[in-house]
Amino acid sequence: MIRNALRMRWSLPLALTLLVVASFTPMLITSGTQATASATTLSEPAAEADGAALPKLTSFNKVSLGDGTVETLYAADSAKRPVVLAVRVDAAAMKSLPSTPTHDGQTCFDNGGDGIDLEADCASGHERNLWFPKLDGLPFQWLMFNWQKNGHGPTHVFDKPHFDMHFFIQDFSARNQIRTGPCNLVINCDDDATAKKPVPAPYAPAGWGLPGAAGRMGNHIIDPNAAPANGGAFTQAFAYGTWNGHISFWEPVVNRDWVVSEKPHAACQPIPQTPQVELTGHYPEKMCTRYGSGGELTFTFEDFAKRTAPAGAKAPIWSSKSTTGETATHRH
């Protein structure tokens with residue numbers, strides 16, 4: 001019964017299921033994985049196609065994945081403003097991505113009251129938490145990385161093996177208070193309603209929707225007229241995350257099979273921007289996926305530009321109820 005219920009959740013209509021089932025533990029140790037920070041500077045090969053060569057990237061945070069690692073990297077200018085923000089899955093990890101079980105147990109809810117079944121009661125794939133450096137005006141604080149070996153709903157949209165990369169604006173501790181439960185994609189029903197609270201204009205992307213909330217994460221909205229939601233090929237896609245009426249994360253979704261088969265040197269596309277932002281800062285206008293000669297995947301946010309919040313705009317206040325019933329308030 002539990003397995004059938006989960007299948008129904010994954011196969012709900014597009015407007016109810018949307019992508020990304022992801023979650024994190026509130027520590028730098030995830031699933032027995034120790035996170036480390038470093039200041040290693042890495043040389044980048046020249047990129048081809050529609051992407052320029054990358055500057056040298058500095059490794060900031062690294063965790064294990066399969067037999068390899070996934071890490072965050074960056075490049076900054078002399079004023080410590082962001083130039084490139086990157087996520088790299090090394091060649092060893094690309095060759096040994098976890099396959100059993102489907103989920104590693106970080107976002108689960110015991111629907112039947114008979115114990116957690118990692119295949120039936122969970123919705124997060126294999127996930128890792130990583131951090132970003134504190135660069136001047138960088139709105140993103142941390143990364144939720146998910147490897148989804150079977151993909152997830154909606155069917156014929158995100159149901160292929162892929163990587164979900166959530167660049168979080170929302171405070172880490174506030175995000176940890178988004179509870180799991182029986183609604184939507186393993187989310188507490190009250191939190192499901194909070195996650196789906198509409199983002200008001202001018203901070204919402206025009207025409208986006210298709211709500212689908214996930215436990216320990218929030219809601220997701222995409223452009224229904226863009227691939228793969230419009231029936232186009234699933235290569236790389238983009239979603240915004242929402243919580244309590246605010247944009248809480250930016251999320252690229254990258255098809256693993258496309259990367260391995262096409263081996264893009266630099267597949268880039270513009271990032272759809274909201275009319276205004278609530279937080280003044282430097283935001284990326286382009287995202288790129290690169291497959292290196294050694295077999296590694298490097299995803300980047302590039303072309304950062306300063307955006308100024310309109311007069312009177314207030315920074316988001318991230319509020320949610322903790323498991324003790326107390327209300328916690330976090331301001332970024």
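None of the figures in this text is laboratory data; all of them are computed from the coordinates on show. Because the structure is a prediction, the values reported are computed rather than measured. With ideal geometry, Cβ positions are generated from the backbone for all residues, glycine too; neighbour counts draw on all protein chains shown.
Side notes on the structure shown:
- The H on the amide N of S248, modeled in the peptide plane, is under 5 Å from the matching H of G241, T242, W243, each at least 5 residues off or on a different chain.
- Straight Cα distances below 29 angstrom link K263 to the lysines K56, K62, K95, K149, K160, K286, with same-chain residues fewer than 8 positions distant left out.
- Mean Cβ neighbour count within 10 Å, used as a protection proxy, ranking 64-75, 160-171 highest first: 160-171, 64-75
- Ranked by the mean number of other Cβ atoms within 10 Å per residue, highest first, peptides 198-207, 307-316, 141-150 order as 141-150, 198-207, 307-316.
- In order along the stretch 60-65, the Karplus-derived 3J(HN,Hα) couplings, from 6.51 cos²θ - 1.76 cosθ + 1.60 at θ = phi - 60°, round to 10, 9, 9, 9, 7, 8 Hz, and Gly and Pro are given as x.
- Under Karplus coefficients 6.51, -1.76 and 1.60, residue-wise ³J(HN,Hα) of the stretch 188-201 in Hz, glycine/proline x: 4, 5, 5, 5, 4, 5, 5, 4, 8, 4, x, 7, x, 5
- For K286, K197, order by how many other beta-carbon atoms lie within 10 Å, fewest first: K197, K286
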